[in-house]
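Participant: Sharing a structure with you now.
Bear in mind that the values in this text are calculations on the coordinates, not laboratory data. A quick note: this is a predicted structure, and the numbers were derived from the prediction, not measured. Counting neighbours? That spans all protein chains shown, and the Cβs are built from the backbone with ideal geometry, glycine included.
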């Protein structure tokens, strides 16, 4: 991060080298039968870098990779761990097919699903938003069901939302996973 201030030319040269390697890989995906590929990561989060750094050092390279992936017939989900509210429109402007993870504040992110849906919900599919740290362990099945309903009510209106945990999870009560899945089946677009 400091190098973006101290030696931005060096950072761009490094990013161009990485881009060329990724470009070769993405071009090789032509004809591959994937449902969805992921691009991005936690380093692109506005809780790690500023929107200005994102616009200058991340978006230019990732936008080109998304374009190449589309040319290769692939769909891209742009993954952002942590904060993304200050760069929502920037990510949507890169033209991914979907965006994830919409990490809620209680998990270290800043996602407000209803606001995100209003701002970008007609431009890109939204994936995530469910707080698995609080609703897959240590709560009642009803609390898990309520959290599922809350997510879908915030982002599911009009389609374009895939209910999903906001991050990996390593501990989960099977009963709460079952409650999540069962309640998610009731989340249907009208």
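Participant: Order these by the 10 Å Cβ neighbour count, fewest first: 139, 125, 151.
Facilitator: Arranged by neighbour count, lowest to highest, 139, 125, 151 become 139, 125, 151.
Participant: With n ≥ 4 as the cut-off for DSSP H runs, can you work out [θ] at 222 nm for the chain, using -39500 (n - 2.57) per run divided by the number of residues, rounded to the nearest 500? Working shown, then result.
Facilitator: Details: 8 runs with 83 residues, N = 190.
Value at 222 nm, helices only, nearest 500: -13000 deg cm²/dmol.
Participant: Considering the zone a paramagnetic label at residue 21 would reach in this model (a point 7 Å from Cα along the Cα-to-Cβ line), which residues of the range 34-75 have amide N under 14 Å from it?
Facilitator: none
Participant: What ranking do 52, 175 get, fewest neighbouring Cβ atoms within 10 angstrom at the top?
Facilitator: Numbers: 52 9, 175 12.
Ordered from fewest to most neighbouring Cβ atoms within 10 Å, 52, 175 come out as 52, 175.
Participant: Let me ask something else. For Cα Rg over 2.2 N^0.38 Å, which listed value, [x] 2.06; [y] 1.34; [z] 1.10, comes from the coordinates shown?
Facilitator: Given [x] 2.06; [y] 1.34; [z] 1.10, the calculated one carries the label [z].
Participant: Residue separation times 0.36 nm, minus the C-alpha to C-alpha distance between residue 85 and residue 13: what's the value? Present the calculation step by step, with values, prior to reporting the outcome.
Facilitator: Details: separation 72, 0.36 × 72 = 25.92 nm, distance 2.84 nm.
Gain in length upon complete extension: 23.1 nm.
Participant: In the calculated pair distance distribution of the range 88-142, what percentage of Cα-Cα distances lie above 18 Å? Don't jump to the answer; show the numbers that get you there.
Facilitator: On the way: 550 of 1485 pairs.
Counting every Cα pair in the range 88-142, those more than 18 Å apart make up 37 percent.
Participant: Now for a separate question. Report the FRET efficiency, 1/(1 + (r/R0)^6), for residue 119 and residue 188, where r is their Cβ-Cβ distance and R0 is 35 Å, rounded to 0.05.
Facilitator: For residue 119 and residue 188, the calculated efficiency is 0.90.
Participant: Let me ask something additional. Return 140, 166 ranked ascending by Cβ neighbour count within 10 Å, so the fewest neighbours appear first. Walk me through the numbers before you get to the answer.
Facilitator: Numbers: 140 12, 166 25.
Arranged by neighbour count, lowest to highest, 140, 166 become 140, 166.
Participant: With N set to the number of residues, divide the alpha-carbon radius of gyration of the range 135-187 by 2.2 N^0.38 Å and report two decimals. If you can, show how the numbers build up before the last one.
Facilitator: Numbers: Rg = 10.9 Å, N = 53, 2.2 N^0.38 = 9.9 Å.
In units of the 2.2 N^0.38 Å rule of thumb, it is 1.10.
Participant: Can you check what the Kirkwood hydrodynamic radius comes to for the range 102-190, Cα pairs only, in Å to one decimal? The partial results should precede the final answer.
Facilitator: Numbers: mean 1/r = 0.0769 Å⁻¹.
Kirkwood hydrodynamic radius for the range 102-190: 13.0 Å.
Participant: Follow-up question, since we're still on this one. What relative contact order, as a whole-number percentage, does the chain give when Cα pairs under 8 Å and 6 or more residues apart are counted?
Facilitator: Numbers: 317 pairs, mean separation 30.9, N = 190.
Relative contact order for the chain comes out at 16 percent.
Participant: If you average the sequence gap of Cα pairs under 8 Å that are 6 or more apart and divide by the length of the range 102-190, what percent do you get for the contact order?
Facilitator: Numbers: 125 pairs, mean separation 29.4, N = 89.
For the range 102-190, the relative contact order is 33 percent.
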